[in-house]
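Trainee: Encoded as structure tokens, here's the structure I'll be asking about.
The values are calculated or read from the model by the stated rules, or taken from the named source; none is laboratory data. Treat the numbers as computed from the prediction; the structure is a model and nothing was measured. Cβ placement follows ideal geometry from the backbone for every residue including glycine, while neighbour counts extend to all protein chains displayed. Keep in mind that these areas ignore ligands, DNA and RNA; they rest on the heavy atoms of the full protein, side chains included. Shrake-Rupley method; radii C 1.70, N 1.55, O 1.52, S 1.80 Å.
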Amino acid sequence: MGSIRDGPSEMVHSTESSFRAPNTIEETIPLTQRPSASANLPRISIADTRDKPERSPFNFSNIHRAATLMVKPEKPIGTAPNVWKSIQAIVFASWLNVLLVFIPISWAMNFALPDQHTLIFVFAFLAIIPLAKLLAFATDELSLRVGQTLAGLLNATLGNAVELIVSVIALAKCQLTIVQSSLVGSILSNLLLVLGMCFFAGGLRFSEQGFGQSAVQLNSSLLTISVIAVLLPGAFHMALQGQPQYDELSTDYNILKTSHGVAIILLFIYASYLVFQLFSHKALYDDANEDMQQTKGYVGENPFRLQRMRNRRNITDGELASSPISTHEGGAAFRPADAALDVEPGTRSTAPVEEAEEQPMMSLAVSLWLLIVVTVLVAVTAEFLVDSIDGLTSSGAINKEFVGVILLPIVGNAAEHVTAVTVSVKDKLTLSLGVAVGSSIQIALFVIPFIVTLGWIMGKPLTLLFDPLESIVLFLSVLTVNYVVQDGKSNWLEGMILMCLYLILAVTFWYYPGTEGIFPNC
């Protein structure tokens with residue numbers, strides 16, 4: 001009987017033990033345990049994992065997320081206007097549209113008076129300027145409808161479309177001197193003339209304008225690499241001249257093969273630069289970056305009296321002015337991240353800013369059609385322009401070097417000049433640098449090696465062996481700009497220095513006849 005009574009109690013006890021086993025184990029763990037293999041392992045808590053640095057962005061989940069964000073607009077997009085309002089926006093997009101009248105004039109001159117090369121060149125020159133502005137306008141409207149990464153890629157691809165079209169047409173017609181001189185001239189125009197005008201115009205309103213020092217120094221390093229790639233074939237050629245075993249044909253062949261290999265490497269550097277700027281380190285190019293230098297107003301009264309103009313903020317003694325929120329500018333440069341407005345002078349608000357809708361000025365269909373039509377018009381007009389160069393320079397009044405280095409870059413950069421100077425006066429110097437320095441990097445690391453590679457495919461002997469004076473001038477210009485921007489600040493005197501250097505180069509190339517015979521026959 002006693003054993004029978006003890007049975008159920010033991011069963012109940014064993015059942016309770018089985019249900020309470022986990023809690024019992026937790027409660028009976030002593031504070032000190034015997035050493036074991038797992039005792040030496042580091043403890044991982046949720047807090048520790050949160051404090052750990054982020055994983056590398058180069059994994060599948062982040063790449064998938066980035067690809068999704070590429071097609072998602074940065075800001076909400078408002079209702080697109082109808083076709084009629086879109087056409088009105090195109091007509092009134094810029095005052096440069098008045099120059100569109102020269103498109104039919106240049107075409108008529110080309111067919112009716114084919115021997116009037118000077119008039120054809122002048123009218124075609126004036127016709128391409130508004131087309132470049134409309135191309136930038138269409139690119140900016142398309143960029144509104146995609147994410148920041150894809151928008152930057154669109155602007156990087158189409159930002160120098162005019163220079164690319166002119167270079168491809170000149171390459172097809174075997175105008176190799178024009179191809180090289182126009183590309184070098186585009187870099188010089190952006191680095192010296194556009195950047196100098198931005199510094200000068202902004203310096204008339206602000207005592208000092210600040211920008212991101214790290215990003216600009218990185219851009220200077222990229223430009224230096226491209227200059228080295230241009231200088232090396234010239235050094236290759238000079239080192240072999242005068243040698244007993246020197247053979248011109250073999251040397252030209254070796255320089256051509258060297259240029260092909262270097263062009264592929266430069267394209268790889270440009271692709272890496274796009275990944276760096278648009279994906280892995282895009283915060284480095286934001287206005288809200290910690291590295292951004294502050295803009296300072298004039299102490300006392302502005303000697304240039306620009307503060308009395310309408311829509312200008314009054315800058316008091318010692319007050320710091322931060323860059324205002326970026327608006328829809330209609331330019332072909334990338335759109336930087338918006339910065340919060342200042343609550344007090346020299347400080348930024350940490351409160352979240354409501355994202356206002358971006359109001360498109362054209363519908364998507366009209367934007368695409370405008371991009372296609374303008375590209376075709378640029379291609380046809382540029383062909384007439386290139387065809388007239390030989391007749392223009394045959395009289396001896398003007399040489400090809402001046403046409404390529406000075407005149408042709410104005411065609412493709414005129415619209416960018418206006419945009420960069422306009423936004424620099426509004427204290428958006430980061431956007432101005434994106435137009436000027438960013439465009440120079442696109443020419444140096446993308447357009448030049450792409451044209452060399454395209455010449456390789458087309459069987460044209462285009463190399464990186466540039467004119468000796470052009471190579472030296474390019475090197476000295478990049479060196480000068482590097483010295484000017486290394487402190488992360490600018491003023492009107494630095495802008496005047498850059499513009500005066502560009503005028504010195506213009507005078508030099510006006511009298512420079514160029515070096516003939518450095519290219520093999522096409």
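Trainee: Going through region 448-459 one residue at a time, which ones are surrounded by fewer than 17 Cβ atoms within 10 Å (Cβ to Cβ) and either outside any helix (DSSP H, G or I) or in contact with a Ser or Thr (Cβ under 7 Å, 6 or more places away or on another chain) (or both)?
Mentor: Gly459
Trainee: On to the next question. Here's a check for you: in region 83-104, which residue that is assigned to a helix (DSSP H, G or I) and small (Gly, Ala, Ser) is farthest from the chain's Cα centre (by Cα)?
Mentor: The selected residue is Ser86.
Trainee: Six or more apart or on different chains, Cβ atoms under 8 Å: show the pairs whose first residue is in region 487-499 and closer than 20 Å to Ser189 by Cβ and of a type in the set (Gly, Ala, Ser) and whose second is open to solvent by less than 40 Å² (accessible area, probe 1.4 Å) and assigned to a loop (DSSP other than H, G, I, E, B).
Mentor: Ser490/Phe211
Trainee: Got a number for residues in region 105-136 being over 30 Å from the mean Cα position of the chain (by Cα) and assigned to a helix (DSSP H, G or I)?
Mentor: Number of matching residues: 12.
To keep it simple, each residue is scored yes or no on (1) among the polar types (S, T, N, Q); (2) open to solvent by 10 Å² or more (accessible area, probe 1.4 Å); (3) touching a His at 6+ places or on another chain (Cβ under 9 Å).
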residue	(1), (2), (3)
Thr177	yes, yes, no
Ile187	no, no, no
Leu192	no, no, no
Met197	no, yes, yes
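Trainee: Turning to a different aspect of this structure: Which numbered condition in (1) within 19 Å of Val425 (Cα to Cα); (2) open to solvent by 50 Å² or more (accessible area, probe 1.4 Å); (3) not in a helix (DSSP H, G or I) is the only one that Phe206 fails?
Mentor: Only one criterion is unmet by Phe206, namely (2).
Trainee: Additional query: If you take the residues of region 481-494 that are more than 20 Å from the chain's Cα centre (by Cα) and at pLDDT 90 or above, which of them is nearest to Leu445 (Cα to Cα)?
Mentor: Glu494
Okay, residues lined up against (1) farther than 22 Å from Leu474 by Cβ; (2) assigned to a loop (DSSP other than H, G, I, E, B); (3) of a type outside the set (A, V, I, L, M); (4) in contact (Cβ under 8 Å) with a residue 60 or more places away in the chain:
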| position | (1), (2), (3), (4) |
| --- | --- |
| Ser214 | yes, no, yes, yes |
| Gln217 | no, no, yes, yes |
| Ser221 | no, no, yes, no |
| Ala235 | no, no, no, no |
| Gln243 | yes, yes, yes, no |
| Ser250 | yes, no, yes, no |
| His260 | no, no, yes, yes |
| Ile264 | no, no, no, yes |
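Trainee: Looking for something under 20 Å from the mean Cα position of the chain (by Cα) and farther than 22 Å from Gln213 by Cα - is there at least one such residue anywhere in region 451-465?
Mentor: Yes.
Trainee: Sticking with this one: Check Phe466, Phe446 and return the single one that is more than 19 Å from Ser221 (Cα to Cα) and modelled with pLDDT of 90 or more.
Mentor: Matching residue, one of Phe466, Phe446: Phe466.
Trainee: Go through Leu408, Leu445, Leu462, Leu476 for me and flag whichever is aliphatic (A, V, I, L, M) and open to solvent by 20 Å² or more (accessible area, probe 1.4 Å).
Mentor: Just one listed residue meets the conditions, Leu476.
Trainee: Would it be correct to say that Leu158 is in contact (Cβ under 8 Å) with a residue 60 or more places away in the chain, under 17 Å from the mean Cα position of the chain (by Cα) and either more than 23 Å from Trp492 (Cβ to Cβ) or open to solvent by less than 10 Å² (accessible area, probe 1.4 Å) (or both)?
Mentor: Yes.
Trainee: Sort through Ser440, Ser432, Ser471 and tell me the only one that's touching a Cys at 6+ places or on another chain (Cβ under 8 Å) and assigned to a helix (DSSP H, G or I).
Mentor: Ser432
Trainee: Checking Val418 against (1) closer than 28 Å to Leu249 by Cα; (2) of a type in the set (Val, Ile, Thr); (3) open to solvent by 10 Å² or more (accessible area, probe 1.4 Å): exactly one of these is not met. Which one?
Mentor: Status for Val418: all satisfied but (1).
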